[in-house]
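This report concerns only the one structure given below.
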């Protein structure tokens, strides 16, 4: 739980929201002492120690921290009686009503440890990293075409799980992050890219932590490697020395929010388009192009509205492009099976407010304004096969 240095919901509300959304238990490993301007530090529930910090220079360095027990005179001097009383009441409530900590349940995915802190002040980050190292499991094998690939297999393989654009604004670079799944990665080695069938040289490999970046020469199963400037790579791609290894793609979630994207300043269209293309490659936001529409303004789609705000902010701040986002009435998107003759899916047969469009790969989709319109279309046009994610080789990915 980040940004405790700003006004937040009550920590108990945050835990309840986490449990209800993820459907698992939550165990606070530490507990915040105040929030916003009153945020003082955290109480470590397992070690029974208090970590008190001083506000620093925006994360430029690790802030001074005092650590001690509640009976420590130095700690007691910085905490008043009301703070100590409130902490005691909250701990008693959590111990009796909250989830109990179990490392086995954490590894089974039944409970998630929760840490509180303020990354802006570089406080609480180290506690999170230490906890992750202590309780995380070793790298697990992944499956390729129904076959488990062991992590100690002597063939290098890995998959791309994230793409970050504009990591260095001076060079507009783009980094594809790969998780090594088996074997050993060595810088400048060659690997097969199964999606394209090409063999590529894996140079410009880097290890990143925050703003720090350093060249990496070797990496093993579980390590993360960033490749700079590999425009061929996309999220979910496999890189391997064995062309027969193709890892199952990362789960996709159908978007639920849609906005029209436009550039109000034609003189900056090139900069606008460059920024849009770069950010779309990250995979957080999707773009759909309307078919048979009077307007060819692209439609952006995301799982949540916050992603639109981040997208717009980054276009304006990182690329200097003016952006106009206009909310739409669409709520659902469904991919049309490639076997469907799109001439049968015309505006006359679509429910009111629905629209036919194409995704970035040219697959047809239908945007629906609500659940009723979606169900009505499915009922009236059962021959039109729809999917919640794109189709590949006739099947949903």
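The values are calculated or read from the model by the stated rules, or taken from the named source; none is laboratory data. Every value quoted in this text rests on a predicted model; they were computed, and no experiment measured them. Please note: Cβ atoms are built from the backbone with ideal geometry, for glycine as well, and neighbour counts cover all protein chains shown.
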Based on this model, can you work out whether residue 213 counts as touching a helix residue (DSSP H, G or I) at 6+ places or on another chain (Cβ under 7 Å) and either surrounded by 15 or more Cβ atoms within 10 Å (Cβ to Cβ) or touching a residue at least 60 places away in the same chain (Cβ under 8 Å) (or both)? no
Flag for residue 317 being assigned to a helix (DSSP H, G or I) and over 19 Å from residue 256 (Cβ atoms): yes
Unmet requirement for residue 101, which otherwise passes all of (1) surrounded by 14 or more Cβ atoms within 10 Å (Cβ to Cβ); (2) over 24 Å from the mean Cα position of the chain (by Cα); (3) at pLDDT 90 or above: (3)
If residue 231 satisfies all but one of (1) at positive phi; (2) outside the structural domain of residue 304 (by TED's automatic domain parsing), what's the number of the condition it fails? (1)
Please name all residue pairs, on different chains or six or more residues apart, with Cβ atoms under 8 Å, provided the first residue is in the stretch 132-145 and is over 24 Å from residue 156 (Cβ atoms) and the second residue is assigned to a strand (DSSP E or B). 135/113
Would you say residue 394 is at pLDDT below 95 and within 19 Å of residue 301 (Cβ to Cβ)? no
What number of residues within the stretch 196-210 satisfy the criterion of being surrounded by fewer than 15 Cβ atoms within 10 Å (Cβ to Cβ) and within 23 Å of residue 142 (Cα to Cα)? 4
Test of understanding: among 196, 203, 259, which residue is part of a loop (DSSP other than H, G, I, E, B), more than 19 Å from the chain's Cα centre (by Cα) and under 30 Å from residue 299 (Cβ atoms)? 196
State whether the residues of the stretch 357-367 include one that is on the phi > 0 side of the Ramachandran plot and either in contact (Cβ under 8 Å) with a residue 24 or more places away in the chain or under 24 Å from the mean Cα position of the chain (by Cα) (or both). no
Only one of these conditions is not met by residue 325: (1) more than 20 Å from the chain's Cα centre (by Cα); (2) touching a residue at least 60 places away in the same chain (Cβ under 8 Å); (3) in a helix (DSSP H, G or I). Which number is it? (3)
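Each row is one residue, and each column tells you yes or no for (1) assigned to a loop (DSSP other than H, G, I, E, B); (2) surrounded by 13 or more Cβ atoms within 10 Å (Cβ to Cβ); (3) at pLDDT 90 or above.
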| residue | (1), (2), (3) |
| --- | --- |
| 8 | yes, yes, no |
| 13 | no, no, yes |
| 18 | no, yes, yes |
| 31 | no, yes, yes |
| 42 | no, yes, yes |
| 51 | no, yes, yes |
If I filter the stretch 78-91 for residues that are at pLDDT below 85, part of a loop (DSSP other than H, G, I, E, B) and closer than 22 Å to residue 121 by Cα, do I get at least one hit? yes
Among the residues of the stretch 224-241, which ones are modelled with pLDDT under 95 and in a loop (DSSP other than H, G, I, E, B)? 229, 230, 231, 232, 233, 234, 235, 236, 237
Based on what the data block shows, is residue 187 outside the structural domain of residue 49 (by TED's automatic domain parsing), surrounded by 17 or more Cβ atoms within 10 Å (Cβ to Cβ), more than 28 Å from residue 274 (Cβ to Cβ) and out of contact with any helix residue (DSSP H, G or I) (no Cβ under 6 Å at 6 or more places or on another chain)? no
